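Provided herewith is a single structure, encoded as structure tokens, for subsequent inquiry.
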Amino acid sequence: MVDLFELNVAGRRLILDTGRLARQANGAMLVSYGETVVLVTATVAPEPREGVDFFPLTVDYEERLYAAGRIPGSFFRREGRPSERAILTSRLIDRAIRPLFPKSLRNDVQVVVTVLSVDLDNSPEFCGLVGASAALAVSDIPFDGPLAAVVVGRVDGEFVLNPTLAETGRSDLHLVIAGTGDAVVMVEAGAAEVDEQVIVDATAFARPFLGELVGLQQGAVARLGKPKLAYVEAPLDRELQKRVEGQSRAAIVSALRDTDKLRREESVRRVFAEVVERLEGEFPGCEREIRSQLDSIMRDEVRRLLLTEGVRVDGRTPDEIRAIESSVGMLPRVHGSGLFTRGQTQVLTVATLGTIGDVQTLDNLSAEDSKRYMHHYNFPPYSVGEARPLRGPGRRDIGHGALAERALLPVLPGESEFPYTIRLVSEVLESNGSTSMASVCGSSLALMDAGVPIRGPVGGVAMGLIMQGDQVVVLSDIQGIEDALGDMDFKVAGTRRGITALQLDVKTRGIAPEILGQALEQARRGRLHILDRMVEAIAEPRKHLSPWAPRIITIQIDPEKIREVIGPGGKVINRIIAETGAKIDIEDDGRIFIASVDQDGGERAVRMIQQLTREVRPGEVYVGRVTRIMNFGAFVEVLPGKEGLVHISELADQRVDRVEDVVQVGDQVLVKVSEIDRLGRINLSRKAALREDRGSAPTPKPT
């Protein structure tokens with residue numbers, strides 16, 4: 001049996017189709033929006049996973065390039081590891097749905113979003129978010145949904161729901177919001193320095209549409225929803241709880257009041273180890289339960305300190321920012337570097353400037369096929385005092401790098417103004433909260449140190465939240481323990497003029513829009529404070545690039561001349577590169593980018609290309625090289641690859657019997673272009689050039 005549920009969303013039909021595909025999954029939903037079609041499945045393991053103390057949820061977003069009528073560009077011509085965009089979309093969906101699962105669920109749950117067809121005006125990410133909620137809601141998997149999601153843009157000051165590709169290009173806001181209609185669960189946004197009130201208003205604009213989408217799914221649940229599976233919650237041992245409480249609470253409170261992260265963590269570890277050792281004999285085989293109770297006590301005490309005393313574990317007030325240090329130029333041979341330290345969080349960002357040929361090629365379902373600005377984020381284990389294998393960037397690393405990239409993109413100069421490929425790499429050296437926002441700050445410093453003419457520095461701050469009943473405390477510049485034990489992780493980045501990026505995740509069923517507004521205002525004050533500290537190190541971009549950065553010269557030629565610059569098999573362009581040491585990138589529109597650390601080499605390459613692309617014009621005089629001799633005249637190369645004929649009668653004022661009597665192959669001769677015929681053949685005259693050079697009348701012929 002096939003069931004369809006339809007709703008008009010932003011003037012386009014959204015169709016939820018279930019019961020036709022993937023019927024062995026616990027829940028499956030085919031979502032169609034315009035000509036974008038996405039299949040979402042949700043499955044659950046029948047038994048809980050042994051030995052875990054977390055909810056094992058996996059979200060996979062599978063891009064199929066056939067969805068856009070394309071064949072993958074890899075050697076094997078099939079999809080390989082997920083693209084960066086696929087990873088970011090997986091994280092987006094995960095962050096939206098995770099808060100609505102029971103915290104004690106230990107069964108593996110997997111959500112797979114497969115993009116089957118895509119048109120560029122209708123977002124597959126939107127379809128995946130709605131489809132994930134709908135598939136879970138109608139399934140038998142425990143899920144406290146449904147929730148909905150929409151995209152909000154702003155064009156000419158007016159909000160636009162689920163903007164098309166053309167509208168996105170004109171929008172100064174791209175905000176993805178997920179919620180249950182009355183509460184916000186997840187927000188992610190990129191913006192062109194918009195005011196905080198714009199974000200609040202965009203959220204209010206989205207709420208009615210979220211409610212409609214939730215209602216659509218509730219209709220599907222009412223008709224098709226399966227009874228939810230029962231899951232086993234570990235029974236609470238009251239005696240164990242009482243004994244752990246008596247043995248540990250006072251010691252945990254004392255340990256938490258140490259403002260230094262490493263000492264505090266060591267003290268907490270010692271308390272945990274001592275309590276486990278004392279109680280393990282009394283409660284054999286219950287170490288995990290004992291540690292779980294200790295974690296609960298620590299969470300309660302961190303929150304109690306804030307709600308009752310207004311004090312954080314490091315002694316700060318809720319809106320206080322940790323001490324900040326900024327510096328630039330610490331690495332002599334790189335193009336730009338910035339070191340940003342905030343409390344016990346420290347990030348070093350290095351900027352590298354490359355040529356247009358260094359752009360990243362994209363092989364995904366987006367409208368873009370390349371990008372010239374990349375931000376990479378590395379989180380080595382030593383940054384938190386751990387020793388573990390390095391396995392390359394994980395999903396978290398890619399997500400944090402993308403957030404910092406989005407935050408800085410609005411202030412970067414365009415390609416026409418600054419024709420460089422820009423790569424930023426943020427190395428996390430020390431971590432105790434909000435390394436992604438520290439990466440934003442360090443990256444602004446590195447860009448200015450590199451001489452990139454950004455519109456202004458970007459700062460970032462992470463906000464937290466503690467909620468209990470009617471009590472609400474918003475925290476500025478959260479540290480790791482407040483992130484782990486709090487109710488919200490809200491990252492906001494921007495300039496003095498406004499917000500450029502934000503990312504909100506909650507760990508409850510959602511927060512009220514009023515709390516979002518309060519957090520945004522508190523984040524604005526924190527961001528301005530951080531920017532004040534950053535500009536003490538460097539206030540504006542340097543006037544000159546690093547001596548180790550390439551100098552790029554841009555010239556424009558007739559696109560028809562590109563083949564002459566390249567030459568057969570690349571022979572000409574490779575010769576120029578070999579002789580000058582310059583790196584040369586040629587665009588299809590005739591733009592040529594010449595990059596060289598040695599300025600003389602770059603200028604020489606420019607002259608060589610200009611010689612290649614110059615037009616031979618009638619009446620102009622050239623110094624050419626004799627390339628061939630025939631009995632009727634000599635061929636002379638006047639410009640690279642362009643030669644003309646000097647007829648024997650035009651070699652000299654007097655009669656010439658043999659061409660070899662006047663010129664030899666390889667001679668440099670002065671010639672004048674007398675004519676370019678209809679076939680493009682160039683006729684030259686040495687005689688006319690000599691007369692013009694002498695500025696006199698012809699020499700009389702001998703009598």
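State whether the residues of the stretch 457-477 include one that is under 25 Å from THR341 (Cβ atoms), of a type outside the set (A, V, I, L, M) and assigned to a loop (DSSP other than H, G, I, E, B).
Yes; the residues of the stretch 457-477 include at least one that is under 25 Å from THR341 (Cβ atoms), of a type outside the set (A, V, I, L, M) and assigned to a loop (DSSP other than H, G, I, E, B).
Another question, if that's okay. Tell me whether the stretch 658-671 contains one or more residues that are in contact with an Asp or Glu (Cβ under 9 Å, 6 or more places away or on another chain), free of Cβ contacts under 8 Å to residues at least 12 places away in the same chain and crowded, with 18+ Cβ neighbours inside 10 Å.
No; the residues of the stretch 658-671 include none that is in contact with an Asp or Glu (Cβ under 9 Å, 6 or more places away or on another chain), free of Cβ contacts under 8 Å to residues at least 12 places away in the same chain and crowded, with 18+ Cβ neighbours inside 10 Å.
May I pose another question? Does at least one position in the stretch 342-363 carry a residue that is among the basic types (Lys, Arg), in the same structural domain as GLY464 (by TED's automatic domain parsing), within 18 Å of the chain's Cα centre (by Cα) and within 24 Å of ILE499 (Cβ to Cβ)?
no
Here's a follow-up. Could you tell me which numbered condition ARG333 fails, if it satisfies all but one of (1) of a type outside the set (Ser, Thr, Tyr); (2) under 26 Å from PRO457 (Cβ atoms); (3) without any contact (Cβ under 8 Å) to a residue 40 or more places away in the chain; (4) assigned to a loop (DSSP other than H, G, I, E, B)?
(3)
With respect to VAL606, is the statement that it is in the same structural domain as ARG686 (by TED's automatic domain parsing) and outside any loop (DSSP other than H, G, I, E, B) true?
Against the criterion (in the same structural domain as ARG686 (by TED's automatic domain parsing) and outside any loop (DSSP other than H, G, I, E, B)), VAL606 does not qualify.
Determine, yes or no, whether SER443 is of a type in the set (Gly, Ala, Ser), in contact with a helix residue (DSSP H, G or I) (Cβ under 7 Å, 6 or more places away or on another chain) and crowded, with 18+ Cβ neighbours inside 10 Å.
Criteria met by SER443.
Applying the selection to the stretch 449-485, what residues are under 18 Å from VAL347 (Cα atoms) and surrounded by 22 or more Cβ atoms within 10 Å (Cβ to Cβ)?
Across the stretch 449-485, the qualifying residues are ASP449, ALA450, PRO457, VAL458, GLY459, GLY460, VAL461, ALA462, ASP477, ILE478, GLN479.
Can you give me the number of residues within the stretch 390-429 that are among the acidic types (Asp, Glu), in contact with a helix residue (DSSP H, G or I) (Cβ under 9 Å, 6 or more places away or on another chain) and surrounded by fewer than 18 Cβ atoms within 10 Å (Cβ to Cβ)?
1
What number goes with the only condition from (1) under 21 Å from ASP201 (Cα atoms); (2) at pLDDT below 90 that ARG527 does not pass?
(2)
Which numbered condition in (1) surrounded by 22 or more Cβ atoms within 10 Å (Cβ to Cβ); (2) outside any loop (DSSP other than H, G, I, E, B) is the only one that ASN432 fails?
(2)
Can you name every residue in the stretch 674-684 that is in a strand (DSSP E or B), over 18 Å from ILE629 (Cα atoms) and not polar (S, T, N, Q)?
Within the stretch 674-684, GLU675, ILE676 qualify.
Another question about this same structure. Can you tell me which residue is surrounded by the most Cβ atoms within 10 Å (Cβ to Cβ) among those in the stretch 164-186 that are free of Cβ contacts under 8 Å to residues at least 60 places away in the same chain and in a loop (DSSP other than H, G, I, E, B)?
Of everything passing the filter in the stretch 164-186, SER171 is surrounded by the most Cβ atoms within 10 Å (Cβ to Cβ).
Condition check ((1) under 21 Å from SER416 (Cα atoms); (2) surrounded by fewer than 18 Cβ atoms within 10 Å (Cβ to Cβ)) across all residues:
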{"site": "VAL328", "(1), (2)": "no, no"}
{"site": "THR345", "(1), (2)": "no, no"}
{"site": "MET374", "(1), (2)": "yes, no"}
{"site": "PRO381", "(1), (2)": "no, yes"}
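Checking ALA351 against (1) outside any strand (DSSP E or B); (2) over 30 Å from GLU521 (Cα atoms), which test does it fail?
Among (1) outside any strand (DSSP E or B); (2) over 30 Å from GLU521 (Cα atoms), ALA351 violates only (1).
Quick check on my filter: what residues within the stretch 181-203 are small (Gly, Ala, Ser) and within 13 Å of GLU158 (Cα to Cα)?
Hit for the stretch 181-203 is ALA202, nothing else.
If only one of ASP300, ASP237, ASP295 is surrounded by fewer than 18 Cβ atoms within 10 Å (Cβ to Cβ) and modelled with pLDDT under 85, which one is it?
Exactly one of ASP300, ASP237, ASP295 is surrounded by fewer than 18 Cβ atoms within 10 Å (Cβ to Cβ) and modelled with pLDDT under 85, namely ASP237.
Still on this model: Going through the stretch 478-512 one residue at a time, which ones are at pLDDT below 90 and part of a strand (DSSP E or B)?
The one that is at pLDDT below 90 and part of a strand (DSSP E or B): ILE511.
Turning to a different aspect of this structure: Taking the stretch 31-47 as the region of interest, how many residues are of a type outside the set (Ser, Thr, Tyr) and either under 20 Å from the mean Cα position of the chain (by Cα) or surrounded by 16 or more Cβ atoms within 10 Å (Cβ to Cβ) (or both)?
Final tally of qualifying residues: 8.
The values are calculated or read from the model by the stated rules, or taken from the named source; none is laboratory data. Please read these numbers as outputs of a predicted model, since none were measured by experiment. Note that we place each Cβ from the backbone using ideal geometry, even for glycine, and neighbour counts take in every protein chain shown.
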